[in-house]
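Taking it in order: structure first as structure tokens, then the write-up.
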Amino acid sequence: MKKALTILLAALLLTGCGAKAGNENTGNTVENNTLTEIQTETEPSVPVENVSISVSETENTDLRDTFTFNGVEYDTSVSKRDLTASYDEITGTVSFSGNDITFTGSGITVTDNTVKITSAGTYVLSGNGSGTVLVEADSDSKVQLILNNLSLTADQNAAIIVGQADKVFITLADNTVNTLSDGSSYSVTYDDSEVDGTIFSKDDLTINGTGSLTVNGNYKHGIVCKDELTIAGATVKVTAVKTAINVNDAVKLVNSTVNVKAGTDGIKADNDEDTAKGFIYVNGSTVTASTGDKGLQATQAVIIDSGVISLTVTEDGLHSDNIIVINGGEISIKAGDDAIHADHTLEINDGTIVINSAEGLEATVVTVNGGDITVNASDDGINAAQKVSGITPTITINDGVLTVNMGQGDTDALDSNGNLFINGGYITISAQSPFDYDGQGQINGGTVIVNGSQVTQMTNQFGGGGMGPGDQSGWGGQGGPGGGPGGGRPGW
């Protein structure tokens, strides 16, 4: 549900601040490279009239504050302000027009083509021009940047840099289209960190509001955040030479639409120092990625509660150096390598998953507790491999509908370097080698159909040859109770 909050903007110009003393204009105009610095000072005195900004909130009643797995608690919480995108009053405004920058209000300085925000508050950015917005406020300050049909290009820098603040909100005003771009080549550092994204933040960053934002990462990355990034209710499109969204601590996608196209990874959370960080959390969002490497990659965890995810990638679709947990959603993956890969544990509890890849699901421990999963693979369908020492590779299927269609050749539908247990569910396999395991292999429950025939015992390298319906080669068709023989899911 969305609730519109419309507030009339009343940002004011300072007395005595302008190109000339006694200037009657309602703002300060800086023509790039002509003035060294113009700084607003005390309280503004002249109102800016006829400017109305509307922002809307997003609601999600299914959010969790934390998610705990294997004894590690991940902070998946999203604040009320992340969701509401509201504000009390406008602190200042900045308008870009070509190489000119006009501003009003307090907490703003302009040097050449850099707009510096130095105080907590709400600032409206609009216009079409060139420049960089630098947030450099106190470490306990919250700063909100409302993008109101802003098109900003920074030829030799990032478009937005968050150098210091407690948290920055980039709010997309209702019914607005906003674009941020950086240059194709530049060398900029901030506090010993390379600035390598069109949006570059050293502190927590939230993108919210119901407008749209396009980010063009022409140098390296699109959005870079050294702390935590939350996208709530917003529509964001990112195109980048390298990684589209590159974050250290956490990426939280809530009720948002995120479309990324990247030369390397699509969305990445990378923190190998803190086991409770370096994760990606998806709830109620639509995520589309086309990448030259991995789709969603995390050092510690990928957690999906709900949403629609569509990935077309050269390597892995979903990848974690530790765990992946899928509790729901609709997931479609076309991958050149593994569709879903976790070094430690992959757990699927619910959701609809369709995979076309070299290998379908891979982890040291693979557990399927539910869901409707279709795997079309040219190598292994589900593979439990020794990615983490001290743990026995194990595939456990407890429930759900699982369809595994394998290509011809030396391919295994269910392949475990350790144990393989089927305790429930409805499993349909079309493969020359349906089972391959090095430890124990047991069918303790459920219904297992192999190449059109039900089996009750597991045999290593079970022959049969990847036949489809009616003994025709190719992917399996409809089968199971109520349907004809074949390699598809039950004919319910």
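The values are calculated or read from the model by the stated rules, or taken from the named source; none is laboratory data. Keep in mind the model is a prediction, meaning the values are calculated, not measured. Backbone-built Cβ (ideal geometry, glycine too); neighbour counts: all protein chains shown. Note: accessible area is taken over every heavy atom of the protein model, side chains too, but ligands, DNA and RNA are not part of it. Shrake-Rupley method; radii C 1.70, N 1.55, O 1.52, S 1.80 Å.
Want the number for residue 97 to residue 193: 0.36 nm per residue separation, take away the alpha-carbon distance, what's left? Write out the running numbers ahead of the final one.
Details: separation 96, 0.36 × 96 = 34.56 nm, distance 2.98 nm.
Gain in length upon complete extension: 31.6 nm.
Which value, in nm² and rounded to one decimal, describes the direction-averaged projected area of the C-alpha convex hull of the range 79-136? The partial results should precede the final answer.
On the way: hull surface 17.4 nm².
Quarter of the Cα hull surface area: 4.3 nm².
Go through the range 332-342 residue by residue and turn each phi into a ³J(HN,Hα) via Karplus (6.51, -1.76, 1.60, θ = phi - 60°); whole Hz please, and just put x for glycine and proline.
10, 9, 10, 9, x, 10, 7, 5, 10, 9, 10
Taking every DSSP beta bridge with both residues inside the range 210-301, roughly what % is antiparallel (nearest 5)? Each step should come with its number before you reach the end.
Values: 0 of 38 bridges.
Here the share of antiparallel DSSP bridges comes out near 0 percent.
Among 159, 201, 173, which residue has its Cα positioned farthest towards the positive end of the charge dipole of the range 133-219, with +1 placed on the Cβ of Lys and Arg, -1 on the Cβ of Asp and Glu, and the dipole taken about the Cα centre?
Of the listed residues, the answer is 173.
Counting C-alpha atoms alone, how compact is the range 123-196: give Rg to one decimal and Dmax as a whole number, in angstrom.
12.8, 38
Counting only C-alpha contacts under 8 Å and six or more residues apart, can you give the relative contact order of the range 294-442 as a whole percent? List each step's numbers first, then the result.
Values: 525 pairs, mean separation 23.0, N = 149.
That works out to 15 percent.
Going highest first, how would you order 188-194, 234-240 by mean Cβ packing within 10 Å? Numbers along the way, then the final one.
Values: 188-194: 11.9, 234-240: 23.1.
Top of the packing list down: 234-240, 188-194.
Quick one: grab the alpha carbon gyration tensor of the range 310-452, order the square roots of its eigenvalues as a ≥ b ≥ c, and give me rounded if a/c is under 1.5, else prolate or oblate depending on whether a/b is larger than b/c.
Values: a/c = 1.22, a/b = 1.11, b/c = 1.10.
Cα axes put the range 310-452 in the rounded bin.
Can you run phi through the Karplus equation (6.51, -1.76, 1.60; θ = phi - 60°) for the range 386-392 and list ³J(HN,Hα) in whole Hz, with x for Gly and Pro?
Running phi through 6.51 cos²θ - 1.76 cosθ + 1.60 with θ = phi - 60° gives 6, 9, 10, 6, x, 10, 7 Hz.
Residues of the range 209-249 with backbone nitrogen within less than 16 Å of a virtual label 7 Å along the Cα-to-Cβ line of residue 140, please, listed as ranges.
none
Counting C-alpha atoms alone, how compact is the range 254-375: give Rg to one decimal and Dmax as a whole number, in angstrom.
12.6, 35
Pop out the carbon and sulfur fraction of the accessible area of the range 139-230 as a percent, whole number, probe 1.4 Å.
Details: 890 of 2800 Å².
Of all accessible area on the range 139-230, carbon and sulfur atoms account for 32 percent.
What are the extents of the Cα atoms of the range 190-281 along their three principal axes, listed from largest to smallest and rounded to whole Å?
That works out to 34, 28, 23 Å along the principal axes.
Tell me, what is the Rg over Rh of the range 134-252, with Rh the Kirkwood radius over Cα pairs? Walk me through the numbers on the way to the answer.
Working: Rg = 12.8 Å, Rh = 13.8 Å.
Over the Cα atoms of the range 134-252, Rg/Rh equals 0.93.
What ³J(HN,Hα) values, in whole Hz, does the Karplus curve 6.51 cos²θ - 1.76 cosθ + 1.60 give for the range 264-270 when θ = phi - 60°, with x put for Gly and Pro?
Karplus-based 3J(HN,Hα) across the range 264-270 equals 10, 8, x, 10, 9, 10, 10 Hz.
Run the simple label-point estimate for residue 177 and residue 70 please: 7 Å along Cα→C-beta, distance reported in nm.
Inter-label distance under the simple model: 4.5 nm.
I'd like the accessible area for residue 241: 1.4 Å probe, protein heavy atoms, all chains in place, Å² to the nearest 10.
Accessible surface of residue 241 is approximately 80 Å².
Ranked highest first by average number of other Cβ atoms within 10 Å, how do 76-88, 288-300 line up?
Numbers: 76-88: 18.0, 288-300: 24.4.
Most protected by this proxy first, the peptides run 288-300, 76-88.
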